[in-house]
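Undergrad: One structure, as structure tokens, below. Some questions next.
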Amino acid sequence: MSNVKGGAVVTGAARGIGRELALGLLQDGFGVVIADVNPEVGGATVDELAKEFGGNILFAKADVTKRSEVADAIAACRKAFGGINVMINNAGFNKPEPFLKASEDIWRAIMDVNALGVLIGTQEAAKAMIEDGTKGKIINTASIAGRSGFPDFAPYSASKAAVISLTQAGARALAVNGITVNAFGPGVVDTPLWEKLDADLLEMGASSAPGEAMAGLADAILLGRVAKPADVVGTVRFLWSPQSDYMTGQVVLIDGGMVLQ
Ligand code: NAD
């Protein structure tokens, strides 16, 4: 077993925000399993991070909608790193459609990954933590869209509101086991998710030039720019650290000042 302070699983960490969180966990001394549906990108990420962190980083192919694959990723973490202390349910995607055309197929696909995936990840991580007697930390990736619905992102907004509800329900269910459940809500983060979203919005006619959709949203950000993945790490680091031990069921927005509440 490698010499680590604990084990962590991050779903959807082959790239984007999840990858940056995996890096932060590695820097803090955790052993990390990247659980992602994309083995090509995930494998390349692990190869790159392994240059600095050696055997402290592993890849597990897991679709968060498939319980057995999520359970296997958690089992790999326990085997390699002696347990699971941190679970970050981060995998998610968006597919825009005008509100009146929002379809059943897209609704089901988005709700499956973004909401059911968080329920399954929370359940499987909590079962392992309870079995090991670990007072672990479960952290979910919500979004500003879970606090304020966007017309072209109706299923996505609903799925992120579900993430907030699951965070609250999980916190109430698992406090008795000493497990905390919190969420963070990014605003607009420049990741590959936005490349696809930007192209989809252009095709829909919701923007008229490449990059315009994201740039337009930046105008509504008090701090005057969209985020880089690294901008969310400090707050999430607080959520996985002992500094947040007396905090559960909460959602922290990291959006440069977009949704004020
Ligand atoms: P991304 O598209 O760059 O990365 C998402 C990762 O999730 C990819 O590696 C992908 O392979 C993986 N993934 C997708 N479906 C999966 C599944 N079924 N099982 C396992 N892995 C799967 O996206 P990102 O911007 O890094 O987003 C990460 C999270 O942050 C998502 O939940 C997203 O909704 C949320 N978020 C992003 C933004 C933003 O502006 N980028 C804002 C708010 C919230």
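Undergrad: Going by the structure shown, is residue 127 among the charged types (D, E, K, R), assigned to a helix (DSSP H, G or I) and at pLDDT 95 or above? Walk me through it before giving the result.
TA: Values: among the charged types (D, E, K, R): yes; assigned to a helix (DSSP H, G or I): yes; at pLDDT 95 or above: yes.
So residue 127 passes the test.
Undergrad: Also, I was wondering about something else. Has the stretch 66-87 got any residue that is farther than 22 Å from residue 233 by Cβ, touching a helix residue (DSSP H, G or I) at 6+ places or on another chain (Cβ under 7 Å), within 16 Å of the ligand (Cβ to nearest atom) and of a type in the set (Gly, Ala, Ser)?
TA: Taking the stretch 66-87 and keeping what is farther than 22 Å from residue 233 by Cβ, we get 66-72, 74-76, 78-80, 82-83.
Applying the additional criterion that residues be touching a helix residue (DSSP H, G or I) at 6+ places or on another chain (Cβ under 7 Å) yields 67, 70-71, 74, 78, 83.
Keeping just the survivors that are within 16 Å of the ligand (Cβ to nearest atom) gives 67, 70-71, 74.
Remaining after also requiring of a type in the set (Gly, Ala, Ser): 71.
Yes, some residue in the stretch 66-87 is farther than 22 Å from residue 233 by Cβ, touching a helix residue (DSSP H, G or I) at 6+ places or on another chain (Cβ under 7 Å), within 16 Å of the ligand (Cβ to nearest atom) and of a type in the set (Gly, Ala, Ser).
Undergrad: Output the residue which, of all residues in the stretch 88-116 that are within 16 Å of the ligand (Cβ to nearest atom) and aromatic (Phe, Trp, Tyr), is farthest from residue 203 (Cα to Cα).
TA: 107
Undergrad: Across the stretch 176-207, what is the total count of residues that are part of a loop (DSSP other than H, G, I, E, B) and surrounded by 21 or more Cβ atoms within 10 Å (Cβ to Cβ)?
TA: So the first thing to find is which residues in the stretch 176-207 are part of a loop (DSSP other than H, G, I, E, B), and the list is 178-179, 187-188, 190-191, 205-207.
With the extra rule that they be surrounded by 21 or more Cβ atoms within 10 Å (Cβ to Cβ), the set shrinks to 179, 187-188.
Of the residues in the stretch 176-207, 3 are part of a loop (DSSP other than H, G, I, E, B) and surrounded by 21 or more Cβ atoms within 10 Å (Cβ to Cβ).
Undergrad: Pairs only if they're at least six apart or on different chains, beta carbon under 8 angstrom, first in the stretch 130-153 and more than 21 Å from residue 116 (Cβ to Cβ), second more than 16 Å from the ligand (Cβ to nearest atom) and open to solvent by 60 Å² or more (accessible area, probe 1.4 Å); list them, first residue then second.
TA: 132/78; 151/99; 152/99; 152/204
Undergrad: Within the stretch 53-65, can you find the residues that are open to solvent by less than 50 Å² (accessible area, probe 1.4 Å) and within 14 Å of the ligand (Cβ to nearest atom)?
TA: 60, 62, 63, 64, 65
Undergrad: From the list 231, 219, 190, 200, pick out the single residue that is more than 22 Å from residue 91 (Cα to Cα) and of a type in the set (D, E, K, R). Even if it seems obvious, please write down each step before you answer.
TA: Values: 231 fails: more than 22 Å from residue 91 (Cα to Cα); 190 fails: more than 22 Å from residue 91 (Cα to Cα); 200 fails: more than 22 Å from residue 91 (Cα to Cα).
Exactly one of 231, 219, 190, 200 is more than 22 Å from residue 91 (Cα to Cα) and of a type in the set (D, E, K, R), namely 219.
Undergrad: Here is a further query. Tell me which residues, restricted to the stretch 10-31, are surrounded by 24 or more Cβ atoms within 10 Å (Cβ to Cβ) and of a type in the set (Gly, Ala, Ser).
TA: Matches in the stretch 10-31: 12, 13, 14, 18, 22, 31.
Undergrad: List pairs: first residue in the stretch 86-105 and surrounded by 19 or more Cβ atoms within 10 Å (Cβ to Cβ), second residue of a type in the set (S, T, N, Q) anywhere in the structure, Cβ distance under 6 angstrom, at least six positions apart or on different chains.
TA: 89/11; 89/140; 90/11; 90/141; 91/11; 92/114
Undergrad: Continuing with this model, one more query. Just to be sure, is residue 169 more than 13 Å from the ligand (Cβ to nearest atom), over 17 Å from the mean Cα position of the chain (by Cα) and in a helix (DSSP H, G or I)?
TA: Working: more than 13 Å from the ligand (Cβ to nearest atom): yes; over 17 Å from the mean Cα position of the chain (by Cα): yes; in a helix (DSSP H, G or I): yes.
Against the criterion (more than 13 Å from the ligand (Cβ to nearest atom), over 17 Å from the mean Cα position of the chain (by Cα) and in a helix (DSSP H, G or I)), residue 169 qualifies.
Undergrad: Follow-up. Which of the residues spanning the stretch 208-261 are assigned to a helix (DSSP H, G or I), open to solvent by 30 Å² or more (accessible area, probe 1.4 Å), of a type in the set (Gly, Ala, Ser) and over 18 Å from residue 195 (Cα atoms)?
TA: So in the stretch 208-261, the residues assigned to a helix (DSSP H, G or I) come out as 212-218, 230-240, 242-244.
Then drop every residue that is not open to solvent by 30 Å² or more (accessible area, probe 1.4 Å), which leaves 212, 214-217, 230-231, 234-235, 237-238, 242-243.
Narrowing further to those that are of a type in the set (Gly, Ala, Ser): 215-216, 230, 234.
Once the filter is applied, which keeps residues that are assigned to a helix (DSSP H, G or I), open to solvent by 30 Å² or more (accessible area, probe 1.4 Å), of a type in the set (Gly, Ala, Ser) and over 18 Å from residue 195 (Cα atoms), the stretch 208-261 yields only 234.
Undergrad: Over 23 Å from residue 71 (Cβ atoms) and either surrounded by 24 or more Cβ atoms within 10 Å (Cβ to Cβ) or more than 10 Å from the ligand (Cβ to nearest atom) (or both): which single residue out of 35, 50 fits that description? First the steps, then the outcome.
TA: Working: 35 fails: over 23 Å from residue 71 (Cβ atoms).
The match here is 50.
Undergrad: Looking at residue 183, is it farther than 27 Å from residue 165 by Cα, within 13 Å of the ligand (Cβ to nearest atom) and not β-branched (Val, Ile, Thr)?
TA: Numbers: farther than 27 Å from residue 165 by Cα: no; within 13 Å of the ligand (Cβ to nearest atom): yes; not β-branched (Val, Ile, Thr): yes.
It is false that residue 183 is farther than 27 Å from residue 165 by Cα, within 13 Å of the ligand (Cβ to nearest atom) and not β-branched (Val, Ile, Thr).
Undergrad: Right, next: Return the residue satisfying two criteria in turn: it lies in the stretch 208-259 and is without any contact (Cβ under 8 Å) to a residue 12 or more places away in the chain and within 14 Å of the ligand (Cβ to nearest atom), and of such residues it is farthest from residue 23 (Cα to Cα).
TA: Applying the filter and picking the extreme gives 216.
Undergrad: Is the stretch 147-161 home to any residue that is open to solvent by 10 Å² or more (accessible area, probe 1.4 Å), within 13 Å of the ligand (Cβ to nearest atom), more than 24 Å from residue 231 (Cα to Cα) and not in a loop (DSSP other than H, G, I, E, B)?
TA: Yes, the stretch 147-161 contains a residue that is open to solvent by 10 Å² or more (accessible area, probe 1.4 Å), within 13 Å of the ligand (Cβ to nearest atom), more than 24 Å from residue 231 (Cα to Cα) and not in a loop (DSSP other than H, G, I, E, B).
The values are calculated or read from the model by the stated rules, or taken from the named source; none is laboratory data. None of these values were measured; they are calculated from a predicted model. A quick note on method: Cβ atoms are made from the backbone with ideal geometry, for glycine too, and the neighbour counts reach across all protein chains shown. Ligands, DNA and RNA are stripped out before the accessible areas are found, and what is left, the full protein with its side chains, is counted by its heavy atoms. Shrake-Rupley method; radii C 1.70, N 1.55, O 1.52, S 1.80 Å.
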